[in-house]
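Each remark here refers to the structure printed beneath this line.
The values are calculated or read from the model by the stated rules, or taken from the named source; none is laboratory data. Because the structure is predicted, anything quoted here is derived from the model rather than measured. Neighbour counts run over all protein chains shown; Cβ positions are idealised from the backbone, glycine included.
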Amino acid sequence: MDVVTIGESMAVFSPESTPLMRYAATYSRKFGGAESNVAIGLTRLGHQVGWISKVGNDELGKGLLSFIRGEGVNVDQVKVDASAPTGLYFKEVRSASNVRVEYYRKGSAASQLTPNDLNEDYIAGAQFLHITGITPALSESCYETIMHSISIAKENGVKVVFDPNLRKKLWSEERARQVLLEIAAKSDVVLPGVAEGEFMFGEQDPEKLGELFLNYGASLVIIKVGAKGAYYFTKEEQQLVPGFPVDQVIDPVGAGDGFAAGVISGLLDQLSLYEVVERANAVGALATQIPGDFEGLPTREEIDQFLNATDVEDINR
């Protein structure tokens, strides 16, 4: 296994006839979740990925599990909980810059995850453990599960990749800041946006944030700065890698998950750090072009074509 990730996936309902739920009579049903989005993104790029979670013993859970398995993700460690439902959320895409999400996930099956649900050998066999700041916000047992997974990774030489993925609606700001900083201190690679960095450290400048995260414990920090691209920082070097211009953003949800998949893919392929971030920027840009949380995540062939075409355009300018 190249990568193992842990987190909740849910059924996603979006209005079909109008962006506003109050007027919608019909909805489309898809599936989504930050960690499974990353898992799907990585499988499309040719990597072997395992996803750890829980789903309810209901039709949505069965459909979700079947779908993610069908995308090539290993779901051997996903458990079915007969006592709790599969979570769901509703997504209104009013415009590319105005996406509203309402979650119905309290008491969901995934929020019942405990450290006992983790198979140490499963995590130990991976090169990377990918986690986000969403899972520890779901419940105290989920927090304990994530911290235990990090301990397993550390004991077995598995690199920890952490995307803060701040969700203020899920917990108090004080608790969120405390836990995000705790996890960042134990992670090898951290992937914050500037807003998340400001929330955690009270600092907006990307270069200062890079230094703060490195001093906190990470060996590689990649800070997303929107359309400008992303900075990477190590103790030895730092650089801004420009983003790719997008003619029209259709759906920004999932772009950050695509970015994370691109980073991990580049690290697995042992690219230079500049190329790692370039791939991540490209995956994130392509993800915004198709409606849905993961539908726009590219295959290896598509990302290579995109990058090669961009290189040709740069040469011709």
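In the set (1) surrounded by 14 or more Cβ atoms within 10 Å (Cβ to Cβ); (2) polar (S, T, N, Q); (3) at pLDDT below 90, Gln238 fails one condition alone, (3). Scanning for something surrounded by 23 or more Cβ atoms within 10 Å (Cβ to Cβ) and under 14 Å from Ser53 (Cα atoms), does segment 146-167 turn up at least one residue? Looking through segment 146-167, at least one residue is surrounded by 23 or more Cβ atoms within 10 Å (Cβ to Cβ) and under 14 Å from Ser53 (Cα atoms). Of the listed requirements (1) outside any helix (DSSP H, G or I); (2) within 30 Å of Pro115 (Cα to Cα), Glu35 misses just one: (1).
Any residue at all in segment 77-91 that is surrounded by fewer than 17 Cβ atoms within 10 Å (Cβ to Cβ), modelled with pLDDT of 95 or more and more than 22 Å from Ser139 (Cβ to Cβ)? Checked against the condition, which is being surrounded by fewer than 17 Cβ atoms within 10 Å (Cβ to Cβ), modelled with pLDDT of 95 or more and more than 22 Å from Ser139 (Cβ to Cβ), segment 77-91 yields no hits at all. If you go through segment 172-202 and pick out every residue that is outside any strand (DSSP E or B) and either closer than 19 Å to Thr234 by Cβ or not charged (D, E, K, R) (or both), you end up with 21. Pairing residues of segment 59-77 that are more than 22 Å from Thr299 (Cβ to Cβ) and free of Cβ contacts under 8 Å to residues at least 60 places away in the same chain with residues that are surrounded by fewer than 14 Cβ atoms within 10 Å (Cβ to Cβ) and not hydrophobic (A, V, I, L, M, F, W, C), at Cβ distances under 9 Å and at least 6 apart in sequence or on separate chains, gives Leu60/Arg29; Gly63/Arg29.
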